[in-house]
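Colleague: This is the structure, below, for whatever I ask next.
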Amino acid sequence: MTSNLHISANQWRVSILKACIGAHVARGVAEDIADAALALLELNQNPLASLLDRLDGFQPSAPTPPWPGSTQSASLGPLQVLHHGPSLVDMAQAGIACACEIDDLALLLGLAQSRLYSHGISFEYSRNGTDWQSVSVVAHNRITQTDNGPIWLRKTTSGDLVPLKLTNLPQPTPHDWARLLALASQIMVPADDTNRADAGAGLTDND
Amino acid sequence: MNTDHSANPAQFDQVELRPPSTVMRLERMGSFFPTRLSFLRSLLRRLACDGMQLTRSVFELDDNGYGHAVYDVVLDGQHYSLIAYSQALAPEDRTDRVIAEAWDSCFILYDGQPGADDIARLEFHATQQEAGQYDEKVLVLSRANKSVRLFDHVVKRLSAGEQPDAEMIGKIGYLMRTTAVYGNGKFGMADRAEFVDRPSLSQPFRLEMLTVYLIREFTLDLINHVAKCRRGETFVELADGFRRQLGIGNSTGLGMAPFLIGHPVLINNWMLVRETALARVRAVKQPSQSAKERFLQLLKQTQAHLHEWQVDDAFEQNRIEQLRSDFNEMIPQFESLTQQVHPWDKLLRACQTGSSSLQELMVSLVLEPNGDLVDGLCECMEDSFGPKLDPLMSVAQMQQILSDHYDWAMQIDLAQPDQSAMVWYVSEEKAEPRLGERGADNEERREMPHAIPHKIQALAAELTAFTPDTLIAEVLLAHPQHRDIVRRAQTVTRHPYAEIRDNLVADTIRPIDLLRCKLSFFGASKFDPRSDRWTRITLFQGAPTARDLSPDNASDVFLPAFGERP
């Protein structure tokens, strides 16, 4: 115990959430990213290294892509998964098959996979718009950054919620974990005498 | 009697639930008292029902009480062990603040029976608390400081062959107070998911409450041990009555407040259970004679409790004195109403013109003799799912939610500086939540998401740019910054008690109200605010100790009142 980190599922989720917010990812998106990370961890995929690379220097894209208005399909152009990833899955969940260029396939599949646990919904994806594969199956395989690029995503089935098994998760390297905590610390306010008083408690409490 | 069976498929009658607009107000939540639904109460019932046997398997303390001890308990065939580490602490290092770095005692609740190696290895980490590293065998981490004044007094008396001063015991109420009780995966400990399937552990904060109960046992053994070592020839054990009068203190600050905002479904479930229990009880037409007698007995106990409840905080002491006066004045009316049909409902109605404190005290009182109606609801206080976003909702539906559930937020004039005066943030010092005045340099990413009315009004303004049939998915594609508040607002439609209906960043915010609400669900009594954002409380005071606990007395744990020497 003294030499090896043991990171619980709760620590994974909370630390990724904070790190995303620390990197200026919108809070609600960060919540989904944290859930996506757990979904990938359950599949024995550790998303941390690539996520950290993506969070470093993250700048939300602007302007937001215009909505094309079709109720059947949409071509959304280039998208940042850290900004629009959850919305891309939302659109697919709404029955609108979306085509776009994404910068983090693994994370997007994690976002889609996590809907299985939160909504009971499964998705499939394609790289060319014709050959479709189950997200759950593909997410089991290792995905690299070179897999990024065009993607089509669509909903396949809705059913009962699938329980997320958060035991025996992969563990981070100390280096990656330290990077994550450094980013997470960006949401904290440096302590000084003024804000120390904001806790509203006395400094000594003997009685 | 207006009864509503639709929301209650079981055989119980119930009246309509009090609406969230009444219940989910800070001033009322800050008036809550513990009930028999509280987590320590349901724990005691469970332990008694299971015939819990507590074993002190290790007790290696020196004459000053420094060393370690292990307490084993078996629940559903599974061993759990409290490992207690006791150490010397300089008075100047004794602080209840989360930023403390040393404590009189540190504790681990261990999943199983630890070996000597485990005990030795964990000591290094447990005594560092947040700075230690833990694994899934560690279920709960805690620490406590002595009430030096009472501890020294009791040791002195027992070692001299005398019992302690009853008034001092009653007033302070604990030998040690915990300053943090961590669980659910913190610092690498076991996630709740690891054990939530175990039948004894499914309820919220079950292991945390068990830990505090076992810490209480340790403090009682510790005081006898130290007193005996001081002067064995004259030493007497602490009398049973005093053992029961000593609970465990807890010192709690702002760290507890964000929990209520961050877990909307869980809070809804707690509130819904409490309100459902109340609605069931109010529908009772003719209670049993024993229930009425129990209630009359509790009226007297409550009178005594209010009389003994004294605090230093002037604001709270005024509230207590007003409550004491109102309660005493209404006792004859309460006694009379108890003999009528629908007594519990009439008792509640009689309090409607009184303060929130009086009303909520009566809520706790009328639940008390009705365990057969309400105790089963404790099984519904967990949340396994959390908030969920529905991207298929239309803008029109979203606007309807804001109209139906957030009218209180939409009506606040956020242009007034006092409505945005405060900011919740997390300090880098042990991640301590703090509440300060908003400055020009506040970074958005460093503000905790507690400004709900601000988020709601910003969302409402954004929605006006979309046609009513637009999907919320489309809105969020264009404006991802609203994703958290959309998810939250949608959650409220399914979980009506999920949202506190006050502006938590207004200059009028009293965080102590949040603390008291949560602590009441734990089962805390004798709220003793030290400021508007920090309070001491007592847990398990008056509760049977492990060697006395039985199904007959497990429910006899209402607001503690003593007065007479045991």
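Colleague: Could you tell me which of the residues B:Leu17, B:Leu37 is under 17 Å from the mean Cα position of the chain (by Cα) and at pLDDT 95 or above?
Modeller: It is B:Leu37.
Colleague: On to the next question. Return the only residue of B:Leu220, B:Leu214 being under 18 Å from the mean Cα position of the chain (by Cα) and of a type in the set (A, V, I, L, M).
Modeller: After ruling out the rest, the residue left standing is B:Leu214.
Colleague: Taking the residues in the range A:95-111 that are free of Cβ contacts under 8 Å to residues at least 60 places away in the same chain and closer than 18 Å to B:Leu392 by Cβ as candidates, determine which candidate is surrounded by the fewest Cβ atoms within 10 Å (Cβ to Cβ).
Modeller: Checking each candidate, the answer is A:Ala97.
Colleague: Among B:Arg177, B:Arg149, which is the only one that is surrounded by fewer than 19 Cβ atoms within 10 Å (Cβ to Cβ), under 20 Å from B:Gly249 (Cβ atoms) and within 11 Å of another protein chain (Cβ to nearest Cβ)?
Modeller: The unique qualifying residue is B:Arg149.
Colleague: When residues of the range B:463-476 are filtered for being touching a strand residue (DSSP E or B) at 6+ places or on another chain (Cβ under 8 Å) and either surrounded by 20 or more Cβ atoms within 10 Å (Cβ to Cβ) or among the aliphatic types (A, V, I, L, M) (or both), how many remain?
Modeller: Matching residues across the range B:463-476 total 2.
Colleague: Applying the selection to the range B:366-404, what residues are within 14 Å of another protein chain (Cβ to nearest Cβ) and of a type in the set (S, T, N, Q)?
Modeller: Once the filter is applied, which keeps residues that are within 14 Å of another protein chain (Cβ to nearest Cβ) and of a type in the set (S, T, N, Q), the range B:366-404 yields B:Ser384, B:Ser394, B:Gln397.
Colleague: If I go through the range B:467-510 residue by residue, how many of them are over 18 Å from B:Met448 (Cβ atoms), within 9 Å of another protein chain (Cβ to nearest Cβ), assigned to a helix (DSSP H, G or I) and out of contact with any Asp or Glu (no Cβ under 8 Å at 6 or more places or on another chain)?
Modeller: Summing the residues that are over 18 Å from B:Met448 (Cβ atoms), within 9 Å of another protein chain (Cβ to nearest Cβ), assigned to a helix (DSSP H, G or I) and out of contact with any Asp or Glu (no Cβ under 8 Å at 6 or more places or on another chain) in the range B:467-510 gives 4.
Colleague: Could you check the range B:430-447 and list, in sequence order, the residues that are among the hydrophobic types (A, V, I, L, M, F, W, C) and either closer than 19 Å to B:Ala415 by Cα or surrounded by fewer than 20 Cβ atoms within 10 Å (Cβ to Cβ) (or both)?
Modeller: Those that are among the hydrophobic types (A, V, I, L, M, F, W, C) and either closer than 19 Å to B:Ala415 by Cα or surrounded by fewer than 20 Cβ atoms within 10 Å (Cβ to Cβ) (or both): B:Ala431, B:Ala440.
Colleague: Is there a residue being out of contact with any helix residue (DSSP H, G or I) (no Cβ under 6 Å at 6 or more places or on another chain) and within 21 Å of B:Glu167 (Cα to Cα) anywhere in the range B:513-524?
Modeller: yes
Colleague: Return the residues of the range B:42-88 that are within 16 Å of B:Ile215 (Cβ to Cβ) and charged (D, E, K, R); say none if nothing qualifies.
Modeller: B:Arg56, B:Asp72, listed by residue number.
Colleague: Which of the numbered conditions does B:Gly241 fail, given that it passes all the others? Conditions: (1) more than 11 Å from every other protein chain (Cβ to nearest Cβ); (2) buried (at least 24 other Cβ atoms within 10 Å of the Cβ).
Modeller: (2)
Colleague: Quickly run through the range A:40-54 and pick out the residues that are assigned to a helix (DSSP H, G or I) and surrounded by 21 or more Cβ atoms within 10 Å (Cβ to Cβ).
Modeller: Passing the criteria: A:Leu40, A:Leu41, A:Glu42, A:Leu48, A:Leu51, A:Arg54.
Colleague: Right, here's the next one. Looking for something of a type in the set (D, E, K, R) and modelled with pLDDT under 95 - is there at least one such residue anywhere in the range B:48-56?
Modeller: Looking through the range B:48-56, at least one residue is of a type in the set (D, E, K, R) and modelled with pLDDT under 95.
Colleague: Evaluate the following for B:Asp375: is it in contact (Cβ under 8 Å) with a residue 24 or more places away in the chain and closer than 30 Å to B:Ala193 by Cα?
Modeller: It is true that B:Asp375 is in contact (Cβ under 8 Å) with a residue 24 or more places away in the chain and closer than 30 Å to B:Ala193 by Cα.
Colleague: Is it true that B:Asp135 is part of a loop (DSSP other than H, G, I, E, B) and either more than 9 Å from chain A (Cβ to nearest Cβ) or crowded, with 23+ Cβ neighbours inside 10 Å (or both)?
Modeller: No, not satisfied.
Colleague: Taking the criterion of being surrounded by fewer than 18 Cβ atoms within 10 Å (Cβ to Cβ), part of a helix (DSSP H, G or I) and at pLDDT 90 or above, would at least one residue in the range A:20-39 satisfy it?
Modeller: no
Colleague: Could you tell me how many of the residues in the range B:411-430 are in a loop (DSSP other than H, G, I, E, B) and at pLDDT 95 or above?
Modeller: 7
Colleague: What are the residue pairs meeting all of these: first residue in the range A:125-140, first residue surrounded by 18 or more Cβ atoms within 10 Å (Cβ to Cβ), second residue hydrophobic (A, V, I, L, M, F, W, C) and modelled with pLDDT under 85, Cβ atoms under 8 Å, and 6 or more apart or on different chains?
Modeller: Correct list of pairs: A:Tyr125/A:Val138.
Colleague: For the range A:113-127, name all the residues that are under 16 Å from the mean Cα position of the chain (by Cα) and among the hydroxyl-bearing types (Ser, Thr, Tyr).
Modeller: A:Ser114, A:Tyr117, A:Ser118
Colleague: I'd like the full set of residues that are buried (at least 20 other Cβ atoms within 10 Å of the Cβ) and either without any contact (Cβ under 8 Å) to a residue 24 or more places away in the chain or aliphatic (A, V, I, L, M) (or both), limited to the range B:378-392.
Modeller: Scanning the range B:378-392 gives B:Met381, B:Leu389.
Colleague: For the range A:153-185, enumerate the residues that are surrounded by 17 or more Cβ atoms within 10 Å (Cβ to Cβ), in contact with an Asp or Glu (Cβ under 9 Å, 6 or more places away or on another chain) and either assigned to a loop (DSSP other than H, G, I, E, B) or not basic (Lys, Arg) (or both).
Modeller: The answer is A:Leu153, A:Leu164, A:Leu166, A:Leu169, A:Leu183.
Colleague: OK, next. Pairs needed: first member in the range A:156-176, closer than 17 Å to B:Glu194 by Cα and within 12 Å of chain B (Cβ to nearest Cβ); second member anywhere, in a loop (DSSP other than H, G, I, E, B) and β-branched (Val, Ile, Thr); C-beta distance under 9 Å; at least 6 residues apart or different chains.
Modeller: Between residues of the range A:156-176 that are closer than 17 Å to B:Glu194 by Cα and within 12 Å of chain B (Cβ to nearest Cβ) and residues that are in a loop (DSSP other than H, G, I, E, B) and β-branched (Val, Ile, Thr), the close pairs are A:Leu169/A:Ile7; A:Gln171/A:Ile7.
The values are calculated or read from the model by the stated rules, or taken from the named source; none is laboratory data. What you are looking at is a predicted structure, and each value in this text was computed from that prediction instead of being measured. No Cβ is skipped: glycine too gets one built from the backbone with ideal geometry, and neighbour counts run over all protein chains shown.
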